[in-house]
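Reviewing the structure listed below.
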Amino acid sequence: MNNLLELVLKSAYFIAPAALANIAPVFSHKILKGKAVPVDLGKKFGRKPLFGSHKTYKGFFAGVITAIIVVFLQKEIYFVDGFKEFSLIDYSSINPFFLGFLFGFGAMFGDLAESFVKRRVGKKPGEAFVPWDQLDFIIGALVLTSFVYVPPWQVILAALIITLIFHILLSLAAYYLGLKKDKL
């Protein structure tokens, strides 16, 4: 396999728990009924919301649980032909709950941190904040998972580039399909 293609595929597989955790809050609000309680409980920092009403416990926990499930699945298929060589992590020796928690909590915390900064600079929820909207979750996930596994710098760089490109392409597709108001 081409070295660049192999790097891209291994990096994408590695960050899959964080990427799917980042998407989970959107679906959790559509699937799980009931009131969505904001993580900041409506509190303000100065005159601005800490994170905003769109960052909810429901979405946060959905992200963490999704990452845990993805890591459990990665561990289950680790010994299926090809997956062991494809994986950067030795899933046979990890606690999937702990690693999944680190991926999910890191992704959700990175998203919260970006929302906090976004409110401070006067950006509204949903307003573009490139490139931080695209990279916040992956940075948070990489920081927390580094307690268990530190990928080579090439994987980190590939993960950041893949995430940025994929997020922008998905946003553009959603815009042109009429699912989103803004291109980014």
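Readers should treat all values here as calculations from the given coordinates under stated rules, not as data from a laboratory. This one's a predicted model, so the numbers in the text were calculated from it and none came from an experiment. When we count neighbours, we look across all protein chains shown, and the Cβ atoms used for this are built from the backbone with ideal geometry, even at glycine.
Projecting the Cα atoms of L73, P49, A62 onto the charge dipole of segment 42-101, computed from C-beta unit charges around the Cα centre, puts P49 farthest toward the positive end.
Converting phi to 3J(HN,Hα) with the Karplus coefficients 6.51, -1.76 and 1.60 and the offset θ = phi - 60°, segment 143-160 yields 5, 6, 6, 5, 5, 10, 8, 10, x, x, 4, 5, 5, 4, 4, 4, 4, 5 Hz in sequence order, with x at every glycine or proline.
Applied to segment 22-32, the Karplus parametrisation 6.51 cos²θ - 1.76 cosθ + 1.60 on θ = phi - 60° returns per-residue 3J(HN,Hα) values of 5, 7, 3, x, 4, 6, 4, 6, 7, 8, 8 Hz, with x for Gly and Pro.
Close amide H pairs (under 5 Å, H built 1.01 Å from N) link T56 with V39, residues at least 5 positions away or on another chain. Over what distance in Å are the Cα centres of segment 1-60 and segment 116-184 separated? Each part reduced to its Cα centre gives a spacing of 10 Å.
Pairs of alpha-carbon atoms within less than 8 angstrom and 6+ residues apart define the contacts here; what relative contact order does the chain have, in percent? Averaging sequence separation for qualifying contacts and normalising by length gives 25 percent for the chain. The lysines within cross-link reach of K180, meaning a Cα-to-Cα straight distance under 26 Å and a gap of 8 or more places when in the same chain, are K30, K33, K35, K48, K55, K58, K118, K123, K124.
As a rough footprinting exposure proxy, the listed residues W132, W153 were ranked by other beta carbons within 10 Å of their own, and the order from fewest upward is W153, W132.
Listed by chain and number, the lysines whose C-alpha is less than 25 Å from the C-alpha of K75, apart from same-chain residues fewer than 8 away, are K10, K84. Along segment 167-184 the Karplus relation, 6.51 cos²θ - 1.76 cosθ + 1.60 evaluated at θ = phi - 60°, assigns HN-Hα couplings of 5, 5, 5, 5, 5, 5, 4, 4, 5, 6, 8, x, 8, 9, 7, 10, 5, 10 Hz to successive residues, with x for each Gly and Pro.
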